[in-house]
Amino acid sequence: MSETVYQLGNSLYLNITNRCTNRCVFCIRNFTDRVGDKKLVLHKEPSSLEIIESLKKIDLRLYKEVVFCGFGEPLIRVEVVKKISSFIKHSYPSTPIRIDTNGHGNIFNQRNIVPEISPYIDAISISLNAESKEKYNRLSRPIFSDAYEAVIEFIKVSKMHIKDVTVSVVNLPIVDIKKCEKIAEDLKVNFKLRDFVRSL
Ligand code: SF4
């Protein structure tokens, strides 16, 4: 296990980048450089080959799921996500793969990447973060001016291609949780309220 492949609970997490198109005020990276005893600050982004070599030493059947998450936005490296996921699905067809994403994948890559990842991905968790664009911009401070609209569109497209779609919101006093739940309900996706954590 390393800063790129680490265990949390019964899941195996892949930390493939520290880059992100948001600067969320609640991001765990503002408070710590690690999860548990694992330092997640990368000195160099791992190649898909390096991650695959690490995974070859692990019996993935021992884990409930493999999750692309870590200290950054995984879909910034969509080609790496596809190569690693393809390896996992080929070697362990019954191991579920989840992506935790900020939902900027299409706007960042300037194309619809969901059909490219959906053959490998069993579940996707998309950070909605707020019930309005104005609040989203204050909380997540995205680099894109139309990020909130892009996130909503990403949720809709994900719903068309991926079986298990969840939107998540961090439980902060400024966020109208009920309105966020209603957005999830209208989009016919699962809703998850996440605790605000400074460390794990
Ligand atoms: S989208 Fe995630 S990784 Fe990026 S700044 Fe927000 S909480 Fe941090």
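The values are calculated or read from the model by the stated rules, or taken from the named source; none is laboratory data. Nothing here was measured: the structure is a model prediction, and the numbers come from that model. Quick reminder, even Gly has a Cβ in these numbers, built from the backbone with ideal geometry, and neighbours come from all protein chains shown. SASA here: full protein model, heavy atoms, side chains in, ligands and nucleic acids out. Shrake-Rupley method; radii C 1.70, N 1.55, O 1.52, S 1.80 Å.
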Relative contact order, percent, the chain [alpha-carbon distance under 8 Å, six or more residues apart]: 22 percent
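Counting other Cβ atoms within 10 Å, which chymotrypsin sites (Phe, Trp or Tyr not before Pro) in the range 16-75 have at most 13 and lie in a DSSP loop?
Values: sites: F26, F31, Y63, F68, F71; in loops: F26, F31, Y63, F71.
Sites meeting the loop and neighbour criteria: F31.
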Within a Gaussian network of the chain (alpha carbon springs, distance under 10 Å), most fluctuating of I58, I177, I28: I58
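Round to a whole number: what % of the accessible area of the range 5-194 belongs to carbon and sulfur, probe 1.4 Å? Provide the component values of the computation, followed by the final result.
On the way: 4660 of 9020 Å².
Accessible surface attributable to carbon and sulfur in the range 5-194 totals 52 percent.
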Rounded to whole Hz, the Karplus (6.51, -1.76, 1.60) HN-Hα couplings of the range 155-171, x for glycine and proline: 4, 4, 5, 4, 4, 6, 10, 10, 5, 10, 10, 10, 10, 10, 9, 7, 6
Other-chain or far-sequence residues with amide H under 5 Å of Y13's (modelled H): Y6, Q7, L8, V67
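Taking the Cα centre of the chain as origin, work out the dipole magnitude from +1 charges on Lys and Arg Cβ and -1 charges on Asp and Glu Cβ, in debye rounded to 20. Don't skip to the end; give the middle numbers.
Values: 31 positive and 24 negative charges, 32 e Å.
Once rounded to the nearest 20, the dipole reads 160 debye.
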Of F108, I84, L55, farthest towards positive along the dipole that unit charges on Lys, Arg, Asp, Glu beta carbons give the chain: L55
Under 5 Å, built H, 5+ apart or other chain: amide partners of F191: V167
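Return one whole number: the accessible area per residue of the chain in Å², for a 1.4 Å probe.
49 Å²
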Per-residue SASA entry for D37, accessible area with 1.4 Å probe, Å² rounded to 10: 130 Å²
Gap separating the Cα centres of the range 96-167 and the range 171-200, nearest whole Å: 14 Å
